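Visitor: Encoded as structure tokens, here's the structure I'll be asking about.
The values are calculated or read from the model by the stated rules, or taken from the named source; none is laboratory data. Treat the numbers as computed from the prediction; the structure is a model and nothing was measured. Using ideal geometry, Cβ is built from the backbone for each residue, glycine included, and neighbour counts are taken over all protein chains shown.
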Amino acid sequence: MAVDSTSPAQRSKLEAYQLRPSRFGQTGFRRIRLAVSYVLLILGACFMLFPLLWMLSASFKPEWQIFTRPPIWIPQEWIQVQAGNENTGINTYTVERNGEETTVIRLGRRRYTSVVGISDLEQHMITVPQDQLTAATTREVGEANVPLNVRTWNSPEGAREVVAIGRAGDDLAVIELDKLTTARVMPLTVLRTADRVNVELQDVRLQAREVEIDGETRQVLELGPESELVVVSTPEVAEHATIALKDQIEPAGSVAIGATELDIVTIAGDESGTQYVNVSDESWQPVLELDIITEHALTVPNAQLTPLDEPFTRPNLTLPRYTWQPEEGDPQDVVGLLTVSGETIILPDEYAEGIRLGPLAKLTEDQTSMRVRGGGIIRIKEGFEEYGEIIDVALFSQPQEMALLVPLDDIPDAFEADGDALKRNTRPHLRIQNYRRALTASIGGANFLTFFRNSGIVVVLNLIGNFLSCTVVAYAFARLRAPGKNILFAILLSTLMLPFPVTLIPVYEIFRNLGMIDSLWPLFLRSFFGNAFFIFLLRQFFMSIPVELEEAARIDGASTLQILTRIVLPLSTPALATMAIFTFLGSWNDFFTPYVFINSPSKFTATLGLNLFKGHFTTNYEVLMAASTVVIAPTIILFFFLQRYFIEGIQLTGLKG
Amino acid sequence: MTTAQPTVDSPPAYLRWLGKSPMRRQEALTFYVMILPWVIGFVGFIAYPMVRSFYLAFTRYNLRSAPVWVGFDNFVQMFTRDNLFWQSFKVTVLYVLGSVPAGTLFALVVAMILAQSLRGVNFWRTIYFLPTMVSGVAVAVMWTYLLNPEYGLVNQLLAMVGIRGPGWIASPTWALPSLILMSWWSIGGQMVIYLAGLKGIPQSLYEAAEIDGAGEWAKFRHVTVPMLTPTIFFNLVLGLIGAFQVFEGPLVLTAGGPNNATLTYVLNLYNQAFRFIHFGYASAMAWFLFAVIMALTLLVIRSSALWVYYESEAKD
């Protein structure tokens, strides 16, 4: 190992050694190794980063993008067109027509499936063991382009393409593809409403339907797959869109666009008799500016109200009116907003002008509630977007079933398109509402702000506790001499290996006897008695500090505690930073301790809160991902600022072997 | 120099064991006072609880009434009648086998790639280390979405290369592999340690090996591996202890299901204690776990003589 001390003469001799033929070709090998290294590194890095990026991206997505195939990486929002004068928009799509990309809106749709006549099957059906068949792939077959689920049958005589039609015990009954000439597509509505018939072909039971094809009744078998044809039209159609109460519209026949029949409706009481197409059904709910409600709405007992004959009416909206006789004072005419168990929230007539309907789609998320004067509870939605303006509103009465209609006369250019060929028209958009929802959603009377506060308290107290106790204990172990010190230190180290379940139950008993269950105490109290790992860490560090400084101070008459606080600690910033970081990480990310000791949501820490959220928002991954992001954000941010200490700390902990 | 003679300044008998000189006695007293917090904590939260839980392991106890001595009943029940106990033990052993060796290997490979003075070591190290910052609950919540059988990223990526992904956390067969996969995601801490270990190997050793005509492989085999074994050994021991106590991953990801496929030992223990209020039985389970971990650790330590290289030995 004396290479470092070689003389120049020796070194040149060594270099001569290195020019041996065995080293030939090593640069090539190095290059390959380097390339392989980078490929592996990048693959590993993808494994590390994709989950985090996916979580971050999902936290900014609207609900409909959570379950999409293929996955959408960049959060999007719909590009919509304004629906007439109504406060809502209609989603737009892009579809290819005559080789050109056109922006369209959907007017209606029809679902289809592929069928085949039973009489065509009889001679050709074969039963085949399932393991000789490949998985089905969908393909359009024949001149009629009928989509079918085609499988390959590896028969003893070679591979053949078949379509499965039914089950025969463990085998599948199949028909060869070229025998399926009469397959055709049929609207699902027609097929599903037709009479069922049970057919038996060579002992295979099949369920067929009796439908009318070209004037004769035939038995057909559903083969699948289902497909969809949609009727679309240019977005200009939305210009005259209007909403109407669902129970106010009356059917008025249908119009055929391609193979799809669109239902036509008229609005009851509409004298012009305009015919409409029902584009979508939605729910709308009466709303009013929040500050009008907070200032003027009142909760009164129903006994003080006398109904008035003339209700409060707005387009598509009717609310009851009453005369209200207060206990003191003059009677007043009011509008009834919401009646719940013997009490009604009322609003004097003069403030009711602005009551209107709002689309529930924009109102449902991030709802909270508040009490109006007199105690009644009303739901509110902050940040409701109305004609481009953002306002706070209160919601009341009941949601109304509405239909979004476009005039039939406007849609002469409507055409039919394959449902799969329609592409959503979207643009990148970060939906920060998810975060708002994650932070404000209240579960069990607590929300994430409470969880954060609790976690913060626990972290701070643990920092204080560990700092006060571990420094003192570690210094004693590092510098002071006393009988039994080594044994005590060995005991301290051995506690590091102790699995926590061993002490779990008695510790639970102790905290129970102290009356500390369901409080934050068990989460920080123990750190005031030192932590074996940090004591070890600090002791190692203190021992590496030259002892001369301390001896000089001692001669000057400083006490041990003074030496520790004035000389040792200022020199130990790296070790203290490591301890602080690990304390923070440990108590912020700890789940087990709070899970055992805490029951009420108001005492939950951030990790417990996240677990609670998971139970509550089971598949609302956009909210869950926002909540997770919020929980991990402090640690990640801290990591980027103090990266050096993190890495050094980890190395300190792992290299003592 | 006139040091105090023991005869002149004789301390009371009960202080004599502290040291010969007053200064040494003073120092020893200060030591005991300073470590007092730890001693109290050790007695109160470790030593007493250990004794207590050892006693409770032989009792039936529901926290409300006093423990009832039942001898070895808890252990007999555990080993002979409780299928759930064996199920959770099996799950945990499989988890340890799946997560520890593969995780160690993964971390080692990454560390070794990074150690060959590539560009941007700090950048890569940050990426690999980042997941270890994330709280276990957040990791599990995140993976429930990633492993969604139909729309999860994992299966969608698999579908892109033509593989039909399994049901992951929804499938009894694949739930445990999901958990293991999740554990591989957090190997960054180990990786950083190995990287530091590799960087700490003196360059002179490699130079010496080169002079002796060692190729890349020989250098790896005879310098890198032996010099790194103490680090690997240490992390293996800690990894084993940690993996045997895995709790929040299976709790949040699958709640032990489906069909107890991810009911790990500590999850089962928690349920026994805090859901079924079988505190005695749970204590017995805790001590069995302790015994298993101790036995394994001892085994690893014993075996370490065969494969761990300590510099001090070589000097002899």
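Matching residues to (1) outside any strand (DSSP E or B); (2) outside the structural domain of A:G388 (by TED's automatic domain parsing); (3) touching a residue at least 60 places away in the same chain (Cβ under 8 Å):
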residue: A:V277; (1), (2), (3): no, yes, yes
residue: A:L288; (1), (2), (3): no, no, yes
residue: A:T294; (1), (2), (3): yes, no, yes
residue: A:D309; (1), (2), (3): yes, no, no
residue: A:T323; (1), (2), (3): no, no, no
residue: A:T344; (1), (2), (3): no, no, no
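So that you can scan it fast, the table gives a plain yes or no per residue for (1) facing chain B (nearest Cβ under 9 Å); (2) under 30 Å from B:K199 (Cα atoms); (3) touching a Gly at 6+ places or on another chain (Cβ under 6 Å); (4) buried (at least 19 other Cβ atoms within 10 Å of the Cβ):
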site: A:L608; (1), (2), (3), (4): yes, no, no, yes
site: A:N611; (1), (2), (3), (4): yes, no, no, yes
site: A:H616; (1), (2), (3), (4): no, no, no, no
site: A:V631; (1), (2), (3), (4): yes, no, no, yes
site: A:F640; (1), (2), (3), (4): yes, yes, no, no
site: A:I650; (1), (2), (3), (4): yes, yes, yes, yes
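Visitor: Could I ask something else about it? Is it the case that A:R453 is touching a strand residue (DSSP E or B) at 6+ places or on another chain (Cβ under 9 Å), assigned to a helix (DSSP H, G or I), more than 7 Å from chain B (Cβ to nearest Cβ) and over 30 Å from A:V95 (Cβ atoms)?
Guide: When the stated conditions are applied, A:R453 does not pass them.
Visitor: Another question, then. If I ask for residues that are modelled with pLDDT under 90 and either more than 8 Å from chain A (Cβ to nearest Cβ) or surrounded by 15 or more Cβ atoms within 10 Å (Cβ to Cβ) (or both), which ones from the stretch B:31-66 would you list?
Guide: Residues satisfying the conditions are B:N62, B:R64, B:S65, B:A66.
Visitor: Then there's this: Being under 20 Å from the mean Cα position of the chain (by Cα), surrounded by fewer than 21 Cβ atoms within 10 Å (Cβ to Cβ) and within 14 Å of another protein chain (Cβ to nearest Cβ) is true for just one of B:T104, B:T92. Which residue is that?
Guide: After applying the criteria, what remains is B:T104.
Visitor: Quick check on this structure: which one of A:F640, A:F591 is of a type in the set (A, V, I, L, M, F, W, C) and at pLDDT 90 or above?
Guide: Sole residue among the options that is of a type in the set (A, V, I, L, M, F, W, C) and at pLDDT 90 or above: A:F591.
Visitor: Of the numbered conditions (1) free of Cβ contacts under 8 Å to residues at least 12 places away in the same chain; (2) touching a Pro at 6+ places or on another chain (Cβ under 8 Å); (3) of a type outside the set (D, E), B:F79 satisfies every one except a single condition; which is it?
Guide: All conditions are met except number (2).
Visitor: Among what's in the stretch B:193-233 and is at the interface with another protein chain (Cβ under 7 Å from one of its Cβ atoms) and under 16 Å from B:L105 (Cβ atoms), pick the residue that is nearest to the chain's Cα centre (by Cα).
Guide: So the residue we want is B:F233.
Visitor: So which residues in the stretch A:98-157 are of a type in the set (V, I, T) and in a loop (DSSP other than H, G, I, E, B), if there are any at all?
Guide: Residue satisfying the conditions is A:T134 alone.
Visitor: Taking B:L251, is it out of contact with any helix residue (DSSP H, G or I) (no Cβ under 7 Å at 6 or more places or on another chain) and within 11 Å of another protein chain (Cβ to nearest Cβ)?
Guide: No, not satisfied.
Visitor: Oh, and also: Considering only the stretch A:432-446, I want to know if a residue exists there that is hydrophobic (A, V, I, L, M, F, W, C), part of a helix (DSSP H, G or I) and free of Cβ contacts under 8 Å to residues at least 40 places away in the same chain.
Guide: No.
Visitor: To continue, here is another question. Within the stretch B:166-176, track down each residue that is more than 14 Å from chain A (Cβ to nearest Cβ), buried (at least 18 other Cβ atoms within 10 Å of the Cβ) and touching a residue at least 24 places away in the same chain (Cβ under 8 Å).
Guide: B:A175, B:L176
Visitor: In addition: Considering only the stretch A:229-254, state which residues are of a type in the set (A, V, I, L, M) and crowded, with 17+ Cβ neighbours inside 10 Å.
Guide: Within the stretch A:229-254, A:L229, A:V230, A:V231, A:V232, A:V237, A:A238, A:A241, A:I243, A:A244, A:L245, A:I249 meet the criteria.
Visitor: Exactly one of these conditions fails for B:M112: (1) in contact with a helix residue (DSSP H, G or I) (Cβ under 7 Å, 6 or more places away or on another chain); (2) modelled with pLDDT of 90 or more. Give me its number.
Guide: (2)
Visitor: Is it true that B:I163 is part of a loop (DSSP other than H, G, I, E, B), out of contact with any His (no Cβ under 9 Å at 6 or more places or on another chain), more than 9 Å from every other protein chain (Cβ to nearest Cβ) and not aromatic (F, W, Y)?
Guide: Spelling it out, B:I163 is indeed part of a loop (DSSP other than H, G, I, E, B), out of contact with any His (no Cβ under 9 Å at 6 or more places or on another chain), more than 9 Å from every other protein chain (Cβ to nearest Cβ) and not aromatic (F, W, Y).
Visitor: Let me ask you something else. Return the only residue of A:A136, A:A45 being of a type outside the set (S, T, Y), without any contact (Cβ under 8 Å) to a residue 60 or more places away in the chain and touching a Lys or Arg at 6+ places or on another chain (Cβ under 7 Å).
Guide: Being of a type outside the set (S, T, Y), without any contact (Cβ under 8 Å) to a residue 60 or more places away in the chain and touching a Lys or Arg at 6+ places or on another chain (Cβ under 7 Å) holds for just one of A:A136, A:A45, which is A:A136.
Visitor: Now, a different point. Given A:S527, A:S494, A:S442, which one is within 26 Å of A:E648 (Cα to Cα), of a type in the set (S, T, Y) and within 39 Å of the chain's Cα centre (by Cα)?
Guide: Only one candidate passes the filter, namely A:S527.
Visitor: To continue, here is another question. Does A:G99 satisfy the criteria of being away from chain B (no Cβ under 13 Å) and exposed (fewer than 14 other Cβ atoms within 10 Å of the Cβ)?
Guide: yes
Visitor: Give the residue that is nearest to B:T254 (Cα to Cα), with candidates limited to residues of the stretch B:135-149 that are more than 7 Å from chain A (Cβ to nearest Cβ) and in contact with a Gly (Cβ under 6 Å, 6 or more places away or on another chain).
Guide: B:A140
Visitor: Let me ask you something else. So, in the stretch B:32-54, how many residues would count as being among the hydroxyl-bearing types (S, T, Y) and in contact (Cβ under 8 Å) with a residue 24 or more places away in the chain?
Guide: Here the count works out to 1.
Visitor: Also: Just give me the residues in the stretch B:258-275 being within 14 Å of chain A (Cβ to nearest Cβ) and in a loop (DSSP other than H, G, I, E, B), in sequence order.
Guide: Selection gives B:T264 alone.
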